[in-house]
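The values are calculated or read from the model by the stated rules, or taken from the named source; none is laboratory data. Given the structure is predicted, the values throughout are model-derived calculations rather than measurements. Here the Cβ is made from the backbone with ideal geometry for all residues, glycine too, and neighbour counts use every protein chain on show.
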């Protein structure tokens, strides 16, 4: 893979002599999602033993729309670095997609410029893909997030997708990127809420937030970045809880069913809402577009009508989130 895109944000992690990149590994290319989450990808030498395969700088982007810490910001880094370990262990697996990403949130992410490191290793690899394990650690060794990722091989990237990925990754970060995670992802709340504000836990799926502007979030394969979709699902699940300020995200399991190339619409269903545990299912739907398709632009009404049509198709991803009482 190509070296990292030049022009990293001034708050990007500095080089670390312990990283795999300093020992001869080729660093994967950084796209726009990695840039927005202030991550740096280091690559891996072996892939079968724990290595520091990436790092991220914390900041306001590690907060949700209520100003509370969220570990979801780490999804981008962990999705990429887990795949890095697979590629290092099996260099022939050039093109892969994430099929499943499991995240356990152990401790709140700081938002003060602390640099956190992703340590990952592959667990099993065959010609069709594999599984890898990792954690996000602070400078004191404290683990903030545990992660497991499953990956499968796919064909080469479509023509033009890699150029778009590199072009987005080279864009500078301005003041508009120093915002909370929901704003970075362009989250839009549902147009209306049910009576009482939240659904009862016996009801079915209800409309969740939309993410209409995904042009920046495409990966090298020309589809919406799995890390970005994971963050969207987590935000959608949290918004569905009866009292979001009373719950912290404990774990999130993502299953990627089909590729997504356009704006994302979500819906959520509360499976259980108790005092000590809340269980939420989330489904993500997408309009089939290309980066040059104007489906995500136009008036607010037109965007919502387009996203309404997404629910007429099959979901592109499903997630299950568990919440525990807030610290």
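Selection over region 134-153 of residues that are crowded, with 18+ Cβ neighbours inside 10 Å and more than 21 Å from residue 57 (Cα to Cα) gives a count of 3. Checking each residue in region 93-125 for being modelled with pLDDT under 95 and assigned to a strand (DSSP E or B) picks out 96, 97. Of all the listed residues (265, 195), the sole one being at negative phi and at pLDDT 90 or above is 265.
Give the number of residues within region 69-92 that are in a loop (DSSP other than H, G, I, E, B) and more than 18 Å from residue 104 (Cβ to Cβ).
Just the residues of region 69-92 that are in a loop (DSSP other than H, G, I, E, B), to begin with: 70, 90-92.
Within this subset, residues satisfying the condition of being more than 18 Å from residue 104 (Cβ to Cβ) are 90-92.
So the answer is 3.
Could you tell me whether region 208-229 includes any residue that is more than 17 Å from the chain's Cα centre (by Cα) and in contact (Cβ under 8 Å) with a residue 40 or more places away in the chain? The answer is yes, given that some residue of region 208-229 is more than 17 Å from the chain's Cα centre (by Cα) and in contact (Cβ under 8 Å) with a residue 40 or more places away in the chain.
For region 168-183, the candidate set comprises residues that are out of contact with any helix residue (DSSP H, G or I) (no Cβ under 7 Å at 6 or more places or on another chain) and not in a helix (DSSP H, G or I); within that set, the residue that is surrounded by the most Cβ atoms within 10 Å (Cβ to Cβ) is 170. You will find that of 89, 118, 83, the residue that is within 14 Å of the chain's Cα centre (by Cα) and buried (at least 20 other Cβ atoms within 10 Å of the Cβ) is 83 and no other. Scanning region 220-234 for residues that are surrounded by fewer than 24 Cβ atoms within 10 Å (Cβ to Cβ) and touching a strand residue (DSSP E or B) at 6+ places or on another chain (Cβ under 9 Å) yields a single hit, 221. For region 236-249, does any single residue satisfy the condition of being touching a helix residue (DSSP H, G or I) at 6+ places or on another chain (Cβ under 7 Å), modelled with pLDDT of 95 or more and not in a strand (DSSP E or B)? Yes, the conditions are met somewhere in region 236-249. Exactly one condition in (1) under 17 Å from the mean Cα position of the chain (by Cα); (2) assigned to a strand (DSSP E or B) is false for residue 165; which is it? Against the list (1) under 17 Å from the mean Cα position of the chain (by Cα); (2) assigned to a strand (DSSP E or B), residue 165 comes up short only on (2).
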